Amino acid sequence: MIIRLDESHFSEMSELFHDVFSCAPWNDDWSDPDILRAYLTDITENPNSLSFGYLHEGKLSAISLGQVFNWWRGREYNVREFFVSRHLQRKGIGTLFITAIENLLRDEGITSMSLLTARKTPAFDFYITNGFHESDGMSFLVKNIK
């Protein structure tokens, strides 16, 4: 079952995010609950936020956090975070979830999805398998400022 996430899901969402991204292959340090809350709030509490959850056996088990942007080609859903419970990965939940999201977006007149992910992770292969492709004309650039 797919649901729209709101502030009432914040505790479950934080717990699942921490569990997924604090382990391999990401190994991110989300041990500071204030930083985790600030990060998730930045994504979920803005006017163009759109977040979905997948309930498996009544428990929040997969999440997509993103924003909708108006673009010259149409409305786009930019996924900031997409994750499935570590215990349910590689069982088809992610594919079911992303397909359901696509159907909901299509019904709302949203014409594309975009996201960033690391190339050398299982997530990259998951997105390619589910119809995403690398953009020919775009490049992700970073500049460290010290």
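Rule-based calculations on the coordinates, nothing more; no lab input. A quick note: this is a predicted structure, and the numbers were derived from the prediction, not measured. Because the Cβ atoms are built from the backbone with ideal geometry, glycine has one as well, and the counts that use them run over all protein chains shown.
Observations
- Enumeration of residues in region 123-146 that are touching a residue at least 12 places away in the same chain (Cβ under 8 Å) and of a type in the set (D, E, K, R): none
Each row is one residue, and each column tells you yes or no for (1) touching a Leu at 6+ places or on another chain (Cβ under 8 Å); (2) among the aromatic types (Phe, Trp, Tyr); (3) surrounded by 12 or more Cβ atoms within 10 Å (Cβ to Cβ); (4) not in a helix (DSSP H, G or I).
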{"residue": "Tyr54", "(1), (2), (3), (4)": "yes, yes, yes, yes"}
{"residue": "Ala62", "(1), (2), (3), (4)": "yes, no, yes, yes"}
{"residue": "Leu65", "(1), (2), (3), (4)": "yes, no, yes, yes"}
{"residue": "Tyr77", "(1), (2), (3), (4)": "yes, yes, yes, yes"}
{"residue": "Phe82", "(1), (2), (3), (4)": "yes, yes, yes, yes"}
{"residue": "Thr95", "(1), (2), (3), (4)": "no, no, yes, no"}
{"residue": "Glu102", "(1), (2), (3), (4)": "no, no, yes, no"}
{"residue": "Arg106", "(1), (2), (3), (4)": "no, no, no, no"}
{"residue": "Gly131", "(1), (2), (3), (4)": "no, no, no, yes"}
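- Selection within region 4-40 - in contact with a Leu (Cβ under 6 Å, 6 or more places away or on another chain) and farther than 22 Å from Thr117 by Cβ: Glu12
- Qualifying residues in region 18-42 (those that are part of a helix (DSSP H, G or I) and in contact with a Phe, Trp or Tyr (Cβ under 7 Å, 6 or more places away or on another chain)) - the one farthest from Gly92 (Cα to Cα): Leu36
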